[in-house]
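Worksheet: the structure to be examined is printed underneath.
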Amino acid sequence: MAQDTIIGDDEDVGIIDIDEIQAHGIGATDIAKLKANNIHTVASLVSCTTKRLLKIKGFSDIKVEKIKEAAKKMATMSISEVYGEFRCGKTQLAHTMAVIAQLPKEMGGAEGKVAYIDTEGTFRPERIMEIAERFGVDPDQACENIAYARAQNSEMQTELLESLAANFATNEYRLLIIDSVMALYRTDYSGRGELSERQQVLGSFLRRATQMAEEFNLAVLMTNQVMSDPGASALFAGADGRKPVGGHILAHASTTRLLLRKGRGEERVAKIVDSPGIYPSSYNIAACTMKFCYFSSRYGVPGLNDRPITVMSG
């Protein structure tokens, strides 16, 4: 995940109250009018259309433009996508980020809880505990701070996302992980005959995830699978013909895209493919190399009741 999507400044992160725009030159009277029209957060103001704002009594074109500019200055979160072939470290990165998000800000964390939607059954509480020990975090507490749910199909995946709104409204959560975003869509919708329907449903899911990221000031990390396409264009596919699943719908929804690939031995190379915060000439440079300690097969399938994991009801 791009670093600036999880690490904030010294100030608190979370749901940004609409009163905060007063520091950017917006009067208290205008803020009161916004509240009267059910606009209580900066995120809701950003997503509000100019047409709706102009209907508020006393709001001119110039005033609306000024208010919108003030809202845009307030930082909101976005979606980061990590894709790669099997055993390249996507799930291990997700596990690591689930712990890092809980760390204090001075250690590069966000001091918050994590929501984890698992679509492949690869979540391992034991791995969370190992990573927590490495960062000096109490293992049991690290597990308790993760709201975990296993999605069995794409409809359940959407339902779980919607049910998280109540959790996020507590302002305790800083990261949402979806591992992986496309696994269930690939099995629930097969063949070109269902491709159009799949992309429409996927687009709705991603739109909701984006709205939650902005509304609750969250960072969203999604892992994604790849597919082989020797005839694919260079826009999506790598030199070996592999490209992320999901097509243009997923590509447009992801603010930052990272490619993970295997290096020497247990080494993994992370390449920033696309990010608005990085100069275009840096896109094709291998950004960093990471070594992952892979979860041993000796643990088998974990029993969630044996670990202090917060399990979400589906």
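Is one or more of the residues making up the stretch 83-95 surrounded by fewer than 21 Cβ atoms within 10 Å (Cβ to Cβ), of a type in the set (K, R), touching a Gly at 6+ places or on another chain (Cβ under 8 Å) and within 30 Å of N224 (Cβ to Cβ)?
no
Which residue out of T96, T122 is out of contact with any Pro (no Cβ under 8 Å at 6 or more places or on another chain), over 17 Å from E172 (Cα atoms) and assigned to a helix (DSSP H, G or I)?
Only one candidate qualifies: T96.
With the condition kept exactly as written, say whether any residue in the stretch 109-117 is outside any helix (DSSP H, G or I), over 17 Å from the mean Cα position of the chain (by Cα) and touching a residue at least 12 places away in the same chain (Cβ under 8 Å).
No, the stretch 109-117 contains no residue that is outside any helix (DSSP H, G or I), over 17 Å from the mean Cα position of the chain (by Cα) and touching a residue at least 12 places away in the same chain (Cβ under 8 Å).
Could you check how many residues of the stretch 151-165 are open to solvent by 70 Å² or more (accessible area, probe 1.4 Å) and over 17 Å from the mean Cα position of the chain (by Cα)?
Residues in the stretch 151-165 being open to solvent by 70 Å² or more (accessible area, probe 1.4 Å) and over 17 Å from the mean Cα position of the chain (by Cα): 2 in total.
Yes/no matrix, rows are residues, columns are (1) over 28 Å from L260 (Cα atoms); (2) modelled with pLDDT under 90; (3) aromatic (F, W, Y):
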site	(1), (2), (3)
E81	no, no, no
E106	no, yes, no
D118	no, no, no
E130	no, no, no
F135	no, no, yes
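Go over the candidates A32, A70, A23 one by one and state the one that is open to solvent by 60 Å² or more (accessible area, probe 1.4 Å) and either modelled with pLDDT under 80 or of a type in the set (A, V, I, L, M, F, W, C) (or both). Outline the logic, then answer.
On the way: A32 fails: open to solvent by 60 Å² or more (accessible area, probe 1.4 Å); A70 fails: open to solvent by 60 Å² or more (accessible area, probe 1.4 Å).
Within the list A32, A70, A23, the selection yields A23.
For S80, which of the numbered conditions (1) in contact with a strand residue (DSSP E or B) (Cβ under 7 Å, 6 or more places away or on another chain); (2) among the polar types (S, T, N, Q); (3) more than 27 Å from E215 (Cβ to Cβ) fails to hold?
All conditions pass for S80, except number (3).
If S60 passes every condition in (1) under 25 Å from L259 (Cβ atoms); (2) surrounded by fewer than 13 Cβ atoms within 10 Å (Cβ to Cβ); (3) among the polar types (S, T, N, Q) but one, which one does it miss?
The failed condition is (1).
The values are calculated or read from the model by the stated rules, or taken from the named source; none is laboratory data. Values in this document were obtained by computation on a predicted structure and should not be read as measured data. Cβ coordinates were reconstructed from backbone atoms using ideal geometry, including for glycine residues, and neighbour counts include every protein chain displayed. Just the protein is used for accessible areas: all its heavy atoms, side chains included, with ligands, DNA and RNA removed. Shrake-Rupley method; radii C 1.70, N 1.55, O 1.52, S 1.80 Å.
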